[in-house]
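What follows is a single structure, written as structure tokens, with notes after it.
The values are calculated or read from the model by the stated rules, or taken from the named source; none is laboratory data. These numbers were taken from a predicted model, which means no experiment stands behind them. Cβ coordinates were reconstructed from backbone atoms using ideal geometry, including for glycine residues, and neighbour counts include every protein chain displayed.
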Amino acid sequence: MNPADPRARRTRAALRNAALALAAERPPASVTIAAVAAAAGVNRATVYQHYPDRDALLADAMGDAVTAVVDQAALCPLRAPGDVPPEPLVRLFEQIAARRAHYARLLSADGSARFAADLRDRLAAALRDRFAAGQRPTVGPQVPATVHAAWLAGALVGVIADASAATPPVEPERLATACWALITT
């Protein structure tokens, strides 16, 4: 199978859309390959030609959403003064709110460990790049940049998981303000 083939791209898109639709309405553990195949109008063997398992499919299906979050994290100035969070941090939480049901399910205890790890790892990589470019909040010399990036990425994933599951939903601006206070202290 050639991933550049238009038919393969259409099939993968159908599989991602089906997986997202199912993940929004039920726990990820109950999103089976058979259910995704049926929702996408293909057979199970076709799903396995594109993805080794359900978690790989769900991680790929949320790939664009994760990229949007990571992009906003990469734009966020980490040394800006003031009590008002930077706009990219607000947009990061707006991106989360737009896919709230998906994040809530995928980051739950019954969710996808692969998705959670992918989100954390991509955020940590973006932060490491920022830190290497000299854009790092002030911390003591005993905190290596890699540890700082991993800690901040893990904290953000924790906030995303908690906020996504919160009832009633927490406003993105409020989350950004709270996180900004933690980042800058």
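For (1) of a type in the set (A, V, I, L, M); (2) surrounded by 17 or more Cβ atoms within 10 Å (Cβ to Cβ), each residue gets a yes or a no:
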residue: Pro27; (1), (2): no, no
residue: Tyr51; (1), (2): no, yes
residue: Leu58; (1), (2): yes, yes
residue: Pro77; (1), (2): no, no
residue: Pro86; (1), (2): no, yes
residue: Gln95; (1), (2): no, yes
Evaluate the following for Ala39: is it in contact with a helix residue (DSSP H, G or I) (Cβ under 9 Å, 6 or more places away or on another chain), closer than 22 Å to Ile96 by Cβ and either exposed (fewer than 15 other Cβ atoms within 10 Å of the Cβ) or not charged (D, E, K, R) (or both)? no
Any pair with Cβ under 6 angstrom, 6 or more apart, that starts in the stretch 82-108 at a residue that is farther than 28 Å from Thr185 by Cα and ends at one that is hydroxyl-bearing (Ser, Thr, Tyr) and modelled with pLDDT under 90: Leu106/Ser112
I'd like the full set of residues that are of a type in the set (Asp, Glu) and assigned to a helix (DSSP H, G or I), limited to the stretch 86-129. Glu87, Glu94, Asp118, Asp121, Asp129
One residue is enough: does the stretch 71-80 have a residue meeting the conditions in contact with a Cys (Cβ under 9 Å, 6 or more places away or on another chain) and not aromatic (Phe, Trp, Tyr)? no
The correct count of residues that are in a helix (DSSP H, G or I) and modelled with pLDDT of 95 or more in the stretch 21-43 is 8
For the stretch 136-159: of the residues being out of contact with any helix residue (DSSP H, G or I) (no Cβ under 9 Å at 6 or more places or on another chain) and of a type in the set (S, T, N, Q), which is nearest to Gln95 (Cα to Cα)? Thr138
Does Leu15 satisfy the condition of being more than 12 Å from Ser112 (Cβ to Cβ), part of a helix (DSSP H, G or I) and touching a residue at least 60 places away in the same chain (Cβ under 8 Å)? no
Within the stretch 143-183, restricting to residues that are among the hydroxyl-bearing types (Ser, Thr, Tyr) and without any contact (Cβ under 8 Å) to a residue 60 or more places away in the chain, the one that is nearest to Pro86 (Cα to Cα) is Thr146
Whichever residue in the stretch 130-169 is in a helix (DSSP H, G or I) and charged (D, E, K, R) and, among such residues, is nearest to Pro77 (Cα to Cα): Arg130
Before we move on, is Ser164 within 13 Å of the chain's Cα centre (by Cα) and modelled with pLDDT under 90? no
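Listed here are the residues, each with its yes/no results for (1) free of Cβ contacts under 8 Å to residues at least 60 places away in the same chain; (2) over 18 Å from Arg10 (Cα atoms); (3) within 15 Å of the chain's Cα centre (by Cα).
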| residue | (1), (2), (3) |
| --- | --- |
| Ala21 | yes, no, no |
| Pro27 | no, yes, no |
| Ser30 | yes, yes, no |
| Ala39 | yes, no, no |
| Ala45 | yes, no, no |
| Ala56 | yes, no, yes |
| Ala59 | yes, no, yes |
| Asp64 | yes, no, yes |
| Ala74 | yes, yes, yes |
All but one of (1) crowded, with 18+ Cβ neighbours inside 10 Å; (2) over 21 Å from Asp162 (Cβ atoms); (3) in the same structural domain as Leu152 (by TED's automatic domain parsing) hold for Ala19; which doesn't? (3)
